[in-house]
Amino acid sequence: LVNILYPDKGADWGVDDGFGYFPGNTYPNGVVERHNYIAYYLHEGLWHGGLIDGAVRSLSYAYVYTGEAKYGRAGAILLDRIADFYPDFNWYQWRTFRGDGYKGKVLDIVWENGFAQTLARAYDAFFPIYGDPEVIEYLSAKSELYGQENPKDSAMAIRKNVEEGILYEIFNASKDGRIAGNFGMTQLS
């Protein structure tokens, strides 16, 4: 990534590779100034009440309340894709305001509780649709295309992907402190 809009300011000016733009300032307390434009957009625009969180929630409610397969299919496919990446998320690598081991997955350690509950409820909501031939056909084709270990060629294989990539991950993160919060929050997750 290179700044081409304002060449007089330098090639790195305003450039954020996902881990922040560093303007070159250090505060008196030793903290290096960093602007997390991309990470903030991902956090607020996609995950924390954003597009992905909203889509998972809306599709699961729509499927449960209407029973229409179009909502279940879209939601099941989205949830499966989240399961492919969720284990590798580590919110801590983008934090700038804390110097301790404050953890999290997609969101910070406390807000992750609410998102984890959304994902777990969505898994329950979409459980029946994982056996849908269109869902299986789509996900197995994508699995083959991207060379994924799980072939996703059956309802059981797709459920296993979501269980291992989301549910077990939530459970383990709750046990080891990557997800925590006020009393009751982690227990709900």
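Evaluated against (1) surrounded by 12 or more Cβ atoms within 10 Å (Cβ to Cβ); (2) closer than 22 Å to N113 by Cβ, E33 falls short on exactly one condition, (2).
Where residues in region 119-169 are hydroxyl-bearing (S, T, Y) and either modelled with pLDDT under 95 or over 20 Å from Y65 (Cβ atoms) (or both), which of them is surrounded by the fewest Cβ atoms within 10 Å (Cβ to Cβ)? The extreme case among them is Y146.
With respect to the stated conditions, R57 is out of contact with any Lys or Arg (no Cβ under 6 Å at 6 or more places or on another chain), closer than 30 Å to P133 by Cβ and in contact (Cβ under 8 Å) with a residue 60 or more places away in the chain. Taken over region 93-117, the residue count meeting the criterion of being closer than 23 Å to I38 by Cβ, at pLDDT 85 or above and surrounded by fewer than 21 Cβ atoms within 10 Å (Cβ to Cβ) is 1.
Please enumerate the residues belonging to region 36-54 that are in contact with a helix residue (DSSP H, G or I) (Cβ under 7 Å, 6 or more places away or on another chain), without any contact (Cβ under 8 Å) to a residue 12 or more places away in the chain and surrounded by 14 or more Cβ atoms within 10 Å (Cβ to Cβ). Reasoning before the result, please.
Initial filter on region 36-54 (in contact with a helix residue (DSSP H, G or I) (Cβ under 7 Å, 6 or more places away or on another chain)): 36, 39, 45-47, 50-53.
Okay, now just the ones that are also without any contact (Cβ under 8 Å) to a residue 12 or more places away in the chain, so 45-46, 50-51.
Of everything in region 36-54, those that are in contact with a helix residue (DSSP H, G or I) (Cβ under 7 Å, 6 or more places away or on another chain), without any contact (Cβ under 8 Å) to a residue 12 or more places away in the chain and surrounded by 14 or more Cβ atoms within 10 Å (Cβ to Cβ) turn out to be L46, G50.
Residue-level analysis places E149 among those that are free of Cβ contacts under 8 Å to residues at least 12 places away in the same chain and not in a helix (DSSP H, G or I).
Among what's in region 160-180 and is of a type in the set (K, R) and out of contact with any Asp or Glu (no Cβ under 9 Å at 6 or more places or on another chain), pick the residue that is nearest to G104 (Cα to Cα). Please lay out each step first, then the result.
Looking only at region 160-180, we keep the residues that are of a type in the set (K, R), and these are 160, 175, 178.
So of that shortlist, the ones also out of contact with any Asp or Glu (no Cβ under 9 Å at 6 or more places or on another chain) come out as 160, 175.
Numbers: K160: 23, K175: 12 Å.
The selected residue is K175.
The values are calculated or read from the model by the stated rules, or taken from the named source; none is laboratory data. Every value quoted in this text rests on a predicted model; they were computed, and no experiment measured them. Note that we place each Cβ from the backbone using ideal geometry, even for glycine, and neighbour counts take in every protein chain shown.
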